[in-house]
């Protein structure tokens with residue numbers, strides 16, 4: 001058994017966000033032991049390298065490995081993932097194994113587009129190649145920024161293509177962000193999840209008040225538990 005955090009849409013915007021994010025990481029760290037964290041993009045609110053670097057350093061305080069993928073806002077400055085990849089090297093399209101489980105992180109961004117998005121050909125090729133080489137019998141989790149669930153707002157136009165490439169795997173869950181709301185769709189028995197945001201400066205798209213992250217427990221039998229952990233420092237919210 002092992003535990004890990006899943007968090008999305010942090011949107012670091014300015015120096016005032018730094019202490020808020022530090023308190024968030026301390027809140028997560030209280031659940032130790034944690035094996036790692038998955039961060040599902042939009043680490044920065046406007047793609048500025050200062051915000052991306054700040055989030056890299058803040059997340060380093062978790063005391064556990066952190067695995068990220070980019071979001072569309074992480075592309076805002078140059079229109080692509082170059083700045084993100086320089087600060088989070090090797091964390092575009094990749095996979096890792098942990099205690100018999102397989103994890104696939106992939107880049108679903110389409111420049112700065114936020115809706116009607118397409119995945120890049122290299123991402124779809126990566127998914128096909130990776131699915132062919134991984135253990136088809138091992139429990140597998142995928143994580144990316146744009147939603148894959150049918151009917152979820154701002155779903156990637158290539159969601160079905162991505163899911164088709166992963167179909168041969170024992171896919172136990174797909175975690176996504178971008179749509180700031182708690183949703184769950186089932187695709188061939190696999191939960192496709194989005195979650196509320198965890199941001200000082202952005203709100204949830206469905207107007208739900210609670211922000212937070214997921215605490216996940218993976219069991220040796222391949223089952224996965226997910227618990228929503230609310231986080232709020234209301235006094236730190238900016239005026240609107």
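Every residue in segment 160-182 that is surrounded by 15 or more Cβ atoms within 10 Å (Cβ to Cβ) and either more than 21 Å from residue 37 (Cβ to Cβ) or at pLDDT below 95 (or both), please.
Step one: of segment 160-182, the residues surrounded by 15 or more Cβ atoms within 10 Å (Cβ to Cβ) are 161-163, 165-166, 169-182.
The answer is 161, 162, 163, 165, 166, 169, 170.
Residues in segment 59-85 that are within 23 Å of residue 147 (Cβ to Cβ), touching a helix residue (DSSP H, G or I) at 6+ places or on another chain (Cβ under 6 Å) and in a helix (DSSP H, G or I): 74, 84.
Every condition in (1) touching a helix residue (DSSP H, G or I) at 6+ places or on another chain (Cβ under 8 Å); (2) part of a loop (DSSP other than H, G, I, E, B); (3) without any contact (Cβ under 8 Å) to a residue 40 or more places away in the chain; (4) under 19 Å from residue 6 (Cβ atoms) holds for residue 145 except the one numbered (3).
For segment 1-19, a residue qualifies if it is buried (at least 23 other Cβ atoms within 10 Å of the Cβ) and out of contact with any strand residue (DSSP E or B) (no Cβ under 9 Å at 6 or more places or on another chain), and the qualifying residues are 9, 17.
Of all residues in segment 200-232, those satisfying the criterion of being in a loop (DSSP other than H, G, I, E, B) and either under 24 Å from residue 19 (Cβ atoms) or under 18 Å from the mean Cα position of the chain (by Cα) (or both) are 200, 201, 202, 203, 204, 205, 209, 210, 211, 231, 232. The test for being crowded, with 19+ Cβ neighbours inside 10 Å, closer than 27 Å to residue 172 by Cα and either touching a residue at least 12 places away in the same chain (Cβ under 8 Å) or more than 16 Å from the chain's Cα centre (by Cα) (or both) does not hold for residue 91.
The values are calculated or read from the model by the stated rules, or taken from the named source; none is laboratory data. Predicted model, so just to flag it, every value in this text is computed and none were measured. Here the Cβ is made from the backbone with ideal geometry for all residues, glycine too, and neighbour counts use every protein chain on show.
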